[in-house]
Amino acid sequence: MPTSSSALFTITFPRLLHFSYLNTMRNQLKDCRTCLDIGCGGDSPVRHLGFEYTVGVDGYEPLLEQARAHRTHDELVLCSATELDRYFSPKQFDCCVALDLIEHLSKDDGRKLISSMERIASRKILLFTPNGFLPQQSHQGDLQEHLSGWTADEMQALGFTVIGMHGWKALRGEQHQHRLKPAWLSGMLSAFSHYVYTRRHPSQAAALLCLKSV
């Protein structure tokens, strides 16, 4: 698995924002050897972060089949994000991550998810989510509908350090698609705004990377 910045840059070039996303996670979790990836989907970026052992969890069986085909994790578990305490023990993993997941839960279930992650992780928990509510619909029971939105202020109040991701929020629409045309120009503007401003001012960013030590 790629573990260095140069390796990540090679596999993501020329997608500078994707490189920043992966490299920021790698840097924040570099002291963790084992990882529980909640809502892992079929092609999780966690596979690029160099963990010694990972378990992927998802509530949608077709996505787990994709994950098996891509060999993204050492083990895979069919499990709802609200039932983690039934399957995993306290401090079982160095870290728990939930990427593009918490927005698919109600606020109450989102807080329950965070509490479960804090129980299961021995070092850190990390979440990635849009900044605020971003409309998205579900299709054929794929659990992709957005039910809540989380802001930088909310996550900081819950004890997270928050890093802005994906550039200026106004440049992105549903599913973080570029609003401006051509898309390459919008992509360049997003990358520029990320590196010079929104990374350090997450309230203005399209997405949030939220980290907490436990």
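The values are calculated or read from the model by the stated rules, or taken from the named source; none is laboratory data. None of the values given here were measured: they were computed from a predicted structure. All Cβ positions, glycine included, derive from the backbone under ideal geometry; neighbour counts span all protein chains shown. Please note that ligands, DNA and RNA were not included when accessible areas were found on the heavy atoms of the full protein model with its side chains. Shrake-Rupley method; radii C 1.70, N 1.55, O 1.52, S 1.80 Å.
Across region 25-91 the C-alpha pair distances fall into 10 Å bins from zero in the proportions 22, 53, 25, 0 percent.
Near residue 33: Cβ cut-off under 11 Å, other residues only, Lys/Arg at +1 and Asp/Glu at -1. The net charge is -1. In region 1-127, a dipole from Cβ-located charges (positive for Lys and Arg, negative for Asp and Glu) runs towards its positive end, and of 5, 110, 59 it is 5 whose Cα lies farthest in that direction.
By the Cα gyration tensor, region 78-144 has an equivalent ellipsoid whose semi-axes, rounded to whole angstrom, run 23, 14, 10 from largest to smallest. Entry note, the chain: the mean residue ellipticity at 222 nm calculated from DSSP H runs of n ≥ 4, each adding -39500 (n - 2.57), is -9000 deg cm²/dmol after division by the residues and rounding to the nearest 500.
Each part reduced to its alpha carbon centroid, region 65-143 and region 191-210 end up 23 Å apart. Evaluated at q = 0.08, 0.19 Å⁻¹, a Debye calculation over the C-alpha positions of the chain (equal weights, vacuum) places log10 I(q)/I(0) at -0.26, -1.61. Summing Cβ point charges (Lys, Arg +1; Asp, Glu -1) relative to the Cα centre of the chain gives a dipole of roughly 860 debye. Per atom type, region 74-214 shows carbon and sulfur on 52% of its accessible surface, probed at 1.4 Å. Highest mean packing first, where packing is the average number of other Cβ atoms within 10 Å per residue, the peptides 124-135, 176-187 line up as 124-135, 176-187.
Under the convention that each Lys and Arg Cβ holds +1 and each Asp and Glu Cβ holds -1, the size of the dipole of region 97-214 around its Cα centre is about 460 debye. For the peptides 92-98, 54-60, the ranking by packing is 92-98, 54-60, with the highest mean count of neighbouring Cβ atoms within 10 Å listed first. Between 127, 165, 146, the Cα set farthest toward the positive side of the dipole of the chain (charges on each charged residue's Cβ, about the Cα centre) is that of 165. Remark: region 152-169, residue by residue, has Karplus-estimated 3J(HN,Hα) of 4, 4, 4, 5, 5, 5, 8, x, 8, 7, 10, 10, x, 10, 6, x, 4, 4 Hz, where x stands for each Gly or Pro and the curve is 6.51 cos²θ - 1.76 cosθ + 1.60 at θ = phi - 60°. Amide H contacts for residue 172 (H built 1.01 Å from N in the peptide plane; partners 5 or more residues away or on another chain; cut-off under 5 Å): 179. Please determine, in degrees from 0 to 90 and to the nearest 10, the orientation of helix 183-193 with respect to the longest principal axis defined by the Cα atoms of the chain, where the helix direction is its Cα long axis. Helix 183-193 sits at roughly 80 degrees to that axis.
Taking amide hydrogens as placed 1.01 Å from N in the peptide plane, the amide H of residue 101 sits under 5 Å from those of 128, each at least 5 positions away in sequence or on another chain.
By the Cβ distance rule (another cysteine Cβ under 4.7 Å), the unpaired cysteines of the chain are 35, 40, 79, 96, 210. If the Kirkwood radius is taken over C-alpha pairs of region 108-214, then at 10 °C and 1.306 mPa s the Stokes-Einstein diffusion coefficient equals 108 µm²/s. Compactness of region 1-41 was expressed as the Cα radius of gyration divided by 2.2 N^0.38 Å, which yields 1.21.
Taking the chain as the reference, fit the longest principal axis to its C-alpha atoms, fit the long axis of helix 61-70 to the helix C-alpha atoms, and give the angle between the two in degrees, 0 to 90, nearest 10. Between helix and principal axis, roughly 80 degrees. In the context of the full set of protein chains, residues of the chain present 48 Å² of accessible surface per residue (probe radius 1.4 Å, heavy atoms only). Taking every DSSP bridge with both residues inside the chain, close to 40 percent are antiparallel. Straight distance only, please: which aspartates and glutamates reach the Cα of residue 30 with their own Cα at less than 14 Å, same-chain residues fewer than 8 apart left out? Hits, sequence-local ones excluded: 52, 94.
When the Cα positions of 87, 77, 156 are compared along the charge dipole of region 73-206, 156 comes out farthest toward the positive end, with charges on each C-beta of Lys, Arg, Asp and Glu. In this Cβ point-charge picture (+1 for Lys and Arg, -1 for Asp and Glu), region 18-102 has a dipole of about 280 debye about its Cα centre.
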